[in-house]
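The values are calculated or read from the model by the stated rules, or taken from the named source; none is laboratory data. Small disclaimer: the values here were computed from a predicted structure and weren't measured. Note that each Cβ is placed from the backbone with ideal geometry, even for glycine, and that neighbours are counted across all protein chains shown. When the accessible area is computed, the model is the full protein with side chains, heavy atoms only, and any ligands, DNA or RNA have been set aside. Shrake-Rupley method; radii C 1.70, N 1.55, O 1.52, S 1.80 Å.
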Amino acid sequence: MTGIWITIGIAVVLVIVIIAIYNAIINRANAVERAWANVITQERQKNKIIPHLEDVVKDYKEFEQGTLTKVTELRSALQGLDSGKVDTAKLEQAEAKTGELLKSLNVTVENYPELKASETYQKLMREITDQQENIGAAIRIFNQNVEDFNNGIEVFPNSLVNAMLNRKEKIKTFSDSQAEEGFEYKPNI
């Protein structure tokens, strides 16, 4: 009779552990989704500033067509981001487009020094800089959540529970290929 109670006790403990692991995987997946949504929100905030900056720069003599094209490309890249689907490749494209636009705006300012003195332009550039910093922070939080999630589905015994019940796949962290190009050191991961 004691053997039956021990077996039942072990079974109950095992079921509780499996439920706890299952729920932990779900919690981590939800944290990744929330963090991704925060990255998208920050990107969209930046997208709200761009048209105002574009209007300020358009007022100058010969607004460079290349800058206008880069604004349009950035808008398209930002619109392609989906808060319901983690797609770090599209985020990387949007960040690259942001970099290209900022370079183009710097050229415009060099051509029209009076633009640099414009209070509105300076305010908008500060807002864009702040948004870029916020996006960087959101991406760091996203990557941390991705790491926690990936660890949660790959470590033993979580990997067994995931394989049997959750069937969640590893998520790719965001990496900035342009930033990586500036480093000679590449870890052998």
### Query
Just the accessible area for Arg34, please: 1.4 Å probe, Å², rounded to the nearest 10?
140
### Query
Rounded to the nearest 10 Å², what accessible area does Glu100 show when all protein chains are kept and the probe is 1.4 Å?
70
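Please list Lys46, Lys103 from largest to smallest accessible area, probe radius 1.4 Å, with all protein chains kept in place. Each step should come with its number before you reach the end.
On the way: Lys46 0, Lys103 145 Å².
Solvent-accessible surface, decreasing: Lys103, Lys46.
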### Summary
Each label sits 7 Å from Cα toward the beta-carbon; between Ile8 and Thr69 the label points are separated, in nm, by 7.6
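Just reorder Tyr121, Tyr22 by solvent-accessible area, largest first, 1.4 Å probe, all chains present.
Numbers: Tyr121 10, Tyr22 85 Å².
Final ranking, largest accessible area leading: Tyr22, Tyr121.
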### Task
Starting from the residue with the highest accessible area, list Leu14, Leu101 in decreasing order, probe 1.4 Å.
Leu14, Leu101
### Task
Note down the accessible area of Val12, probe 1.4 Å, to the nearest 10 Å².
80
